[in-house]
Amino acid sequence: MDDSEGERVLIVADWDADGVVAAALMLYAQERAGRFPLENRIKPDLMPAGPRSISEVLAEGCWDHVVILDIPYTQEVEAVLSRLRRECGAKIYYFDHHNTTIENMPLLEERHDAFIVVGRSPTSVIVQRFLEGLGVKPTPRLAEFVKAVSVLEGGYKGQGKASTGMISVAASISKSLNQLRSKSAWIKYVRWLANPLPFEDASLSLGNSKVNLVKYGMEVSKKNDEELKDIAMELAMSAKNLGFIRFVDARDKWKRRGSSALTSAIYRVLNTPVAALYEKDEGTRILIIRAGEGFAQDVMKTLEEMGTVEDVGGHGNIAVAKVRDEVTIKRLETALRRAAFEANRKRFEAALDK
């Protein structure tokens, strides 16, 4: 009898395309190939979560093995890992590319005895390379989606050329899930991608009717792009020039999900680094910085050092953090001006040293 028989596995990943594709790779490795995390073909549980919602999503339930994919390390993630280790004795596996996870890798290993694989590539690329090292080769369709996600995550070149059509479908996954925020839709996407049969039914029940998941996603994506373009143009006109960065106060203009996508749309309009401020229903203020060549993360890390923000997430080109409660808008603008100047100065000095 296999020692792993009867053990439960949970795969939890981010809502976006990188998280979905990474989850599909891991699902294929466990359910179809029987290689990881258990060397036995079992059906794992699947769960979508974000870095600030994971504590609520995984507040209850126990698993023997928990695989976390594409979710940056935050205070909420720390609380979840502590509970899983304390109450369930779970073995933790963590695959990610966000800076906060990379920086906290020693803590995760020491405090939670976690098995961690991190890197600068998109998480789906990291997972694919790891699984290929175990002899698990993804299906051609799944491998193509990894290439597409690589483009969406910043034009990563290491996976070869992705087709325009596949990139569009991958982008539509993120956009449709952002609108639906449906666990069943997320699981449907993951299972559809992991299925080795390319023409498996991809229908999803919406109300009293059924829709094709891929076709629906493309329609949502097109509508979402048009709406974001209009709102981004309006907000771009209100952007305040703070030297090396523009600041947009979007608290009264945008209360829905998709703040990162909107910030990116404003960035494309202005073609210069952008910091946008949003406010969640519970009153938490979220700052999102969008810029190229890692500038966003450089500015956000400086803001964190200045005591302006906390709980930083994201990666090189798009950084996300909570603004501290005591920070006023005037103080935030002053800090942004200084942080952007400092980040630019360091880049200039680094270029001179080459």
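Laboratory data are not the source of any read-out in this text; all were calculated from the coordinates shown. Keep in mind that this is a model prediction, so the values were computed, not measured. Don't worry about glycine lacking a Cβ; one is built from the backbone with ideal geometry, like all the others, and counts go over all protein chains shown.
A few notes on this one:
- Label-zone membership for segment 97-118, site LYS346, 7 angstrom Cα→C-beta point, backbone N under 15 Å: 99-100, 103
- Inter-centroid distance (Cα atoms) of segment 211-273 relative to segment 93-128, Å: 29
- Cα-derived Rg over Rh, computed across segment 238-353 with Rh taken as Kirkwood radius: 0.95
- Take every pair of alpha-carbon atoms less than 8 Å apart whose residues are at least six positions apart; their mean separation over the length of segment 60-120 yields a relative contact order of 37 percent.
- Annotation: for a label point projected 7 angstrom from Cα along Cα→Cβ of MET105, residues of segment 124-151 with backbone N closer than 20 Å are 124-134.
- Take each peptide in 113-119, 290-296, 324-330, 39-45, count the other Cβ atoms within 10 Å of every residue, and average; sorted highest first, the result is 290-296, 113-119, 39-45, 324-330.
- Fewest-first ordering of LEU228, LEU134, LEU25 by other beta carbons within 10 Å of each residue's beta carbon gives LEU134, LEU228, LEU25.
- Electrostatic bookkeeping for MET105 treats Lys and Arg as +1 and Asp and Glu as -1; over the other residues with beta carbon under 12 Å from its beta carbon, the sum is -3.
- Expected 222 nm ellipticity per residue - DSSP helices of 4 or more, -39500 (n - 2.57), all of the chain, to 500: -14500 deg cm²/dmol
- If you wrap the chain in the convex hull of its Cα atoms and look at it from every side, the mean projected area works out to 19.4 nm².
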